[in-house]
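Any read-out appearing in this document is the output of simple, stated calculations on the displayed coordinates, not a laboratory observation. Keep in mind it's a predicted model, so treat the numbers as computed, not measured. A quick note on method: Cβ atoms are made from the backbone with ideal geometry, for glycine too, and the neighbour counts reach across all protein chains shown.
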Amino acid sequence: MIWQPHLTNKWVKIRPLHHADFDALFQVAKDPLVWEQHPSKKRSTLDGFGVFFRESLDSQGALVILDQQSQVVIGSSRFQYRDSMEDAVEIGWTFLARKYWGGKYNLAVKSLMMTYAFEHVSKVVLFIDRENIRSQKAAGKIGASQIFDQTLLRLAGKSPDTMAFTMLRTT
């Protein structure tokens, strides 16, 4: 299964993340407010972002997000498939430049990614830290429902401070 598709809509273009995207993506990630509610705040530093970027490339599911109109890099997201999560894929590690917060862009990204995911699995899972209120609200805006499943958290290797949200494919 290929978890690095090329996807587009009116608002965004999503494509596989490449080594050459480092500088443009760091320009977005170096804003400390992007990581304010995230447990890994060091991602705004060059070293912290370097670790995150390498992990993203190694995941084989990392994507870069571009503004469709300007073709400027505005963020990143990732698919993570685990054999332990039957017929499901995780969408996460998403961040956008602040200019693109609170509007149509996150919905545009997640809609494209979920449509693609539901062609291959029946469930999409979002894991969000308890402190990340912004992402919890965004999950609700895209129609994800919080679930309380400690087994799922354990299978995904997530901490007890993580909340799980899901969306199911409709037939």
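Rounded to the nearest whole angstrom, the semi-axes of the ellipsoid equivalent to the chain, taken from the Cα gyration tensor as √(5λ), stand at 23, 19, 16, largest first. Look at Met167, Met85 and count the other Cβ atoms within 10 Å of each Cβ; fewest to most, that gives Met85, Met167.
Counting neighbouring Cβ atoms within 10 Å and putting the fewest first, the residues Met113, Met163, Met1 line up as Met1, Met163, Met113.
Label-point separation (nm) for Val72 and Arg54, each offset 7 Å from Cα along Cα-to-Cβ? That separation, rounded to one decimal, is 3.0 nm. Taking a straight line from the alpha carbon of Lys10, these lysines sit under 30 Å away, with near neighbours fewer than eight places off in the same chain left out: Lys30, Lys99, Lys104, Lys110, Lys123, Lys137, Lys141.
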